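First up is the structure itself, then whatever we jot down about it.
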Amino acid sequence: MGVHSASDTEYNWLWYGELVGAYFDRIHGHSKVVQATIHVTDRTHPSTVMLPLLWVRTDEWYNFASNPRGKVHVLMTVDESAYKGGVMGADHPIAWYHEHDGGRSWYTALGHTPESYYEPLFLAHLWGGVMYAVGGGQRLTAALPLTASGSSG
């Protein structure tokens, strides 16, 4: 699970770049912290099911060195016409997921501002990402030690 600047590190580690899905664009950078409109393109995922189709929020909007579409399943895009600083065009993914190397990877470019972590919808978005990364709706159980009789508990 990666949040915001998780795409802005480990530039020389190919596996990490594939895990995250895209690297931050160090040439074009990001916008200032401004309001923009997010298009929630998949509202069936645990991290987006609670979100409106159009989600207006304030954040720092990352550009990416390459568009991850085709390698990942895009959940949300940002409308570049709503702010200054976007260079990716009409298809500007900002949250996605995919399976990678036997595991699950989920990333959101949101979360630059401290205020984000008090927003109920953003926190629900993160929680849905956690749920996906750990196995979605699958029940997770811990192994319990066996008792002398051979049964657990």
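Here are the numbers for this structure:
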item	result
Qualifying residue in segment 24-40 (condition: within 13 Å of the chain's Cα centre (by Cα) and open to solvent by 30 Å² or more (accessible area, probe 1.4 Å))	no
Segment 120-148, residues that are more than 19 Å from G102 (Cα to Cα), out of contact with any Ser or Thr (no Cβ under 9 Å at 6 or more places or on another chain) and at pLDDT 60 or above	P120, L121
Residues of segment 78-94 satisfying the condition of being farther than 15 Å from H30 by Cβ and either in a loop (DSSP other than H, G, I, E, B) or within 11 Å of the chain's Cα centre (by Cα) (or both)	D79, G89, A90, D91
Selection count where residues are without any contact (Cβ under 8 Å) to a residue 40 or more places away in the chain and crowded, with 22+ Cβ neighbours inside 10 Å, scope segment 90-122	1
Those residues of segment 48-77 which are under 16 Å from G129 (Cβ atoms) and outside any strand (DSSP E or B), in sequence order	T48, V49, M50, L51, P68
Residue list for segment 123-139, filter: free of Cβ contacts under 8 Å to residues at least 60 places away in the same chain and assigned to a loop (DSSP other than H, G, I, E, B)	V134, G135, Q138, R139
Long-range neighbours under 7 Å by Cβ, at least six apart or interchain, first residue open to solvent by less than 30 Å² (accessible area, probe 1.4 Å) within segment 63-85, second assigned to a loop (DSSP other than H, G, I, E, B) and among the aromatic types (F, W, Y)	F64/Y23
Selection status of S7, more than 26 Å from V134 (Cβ to Cβ), polar (S, T, N, Q) and either surrounded by 18 or more Cβ atoms within 10 Å (Cβ to Cβ) or without any contact (Cβ under 8 Å) to a residue 40 or more places away in the chain (or both)	no
Any chance L19 is of a type outside the set (D, E, K, R), in contact with a Lys or Arg (Cβ under 8 Å, 6 or more places away or on another chain) and either part of a loop (DSSP other than H, G, I, E, B) or open to solvent by 30 Å² or more (accessible area, probe 1.4 Å) (or both)	no
Enumeration of residues in segment 22-39 that are of a type in the set (A, V, I, L, M, F, W, C), in contact with a strand residue (DSSP E or B) (Cβ under 9 Å, 6 or more places away or on another chain) and either more than 13 Å from L110 (Cα to Cα) or not in a strand (DSSP E or B) (or both)	A22
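The values are calculated or read from the model by the stated rules, or taken from the named source; none is laboratory data. Note that the structure is a prediction, hence the values are computed from the model and not measured. No Cβ is skipped: glycine too gets one built from the backbone with ideal geometry, and neighbour counts run over all protein chains shown. Just so you know, the surface numbers come from the protein's heavy atoms only, side chains and all, with ligands and any DNA or RNA stripped out. Shrake-Rupley method; radii C 1.70, N 1.55, O 1.52, S 1.80 Å.
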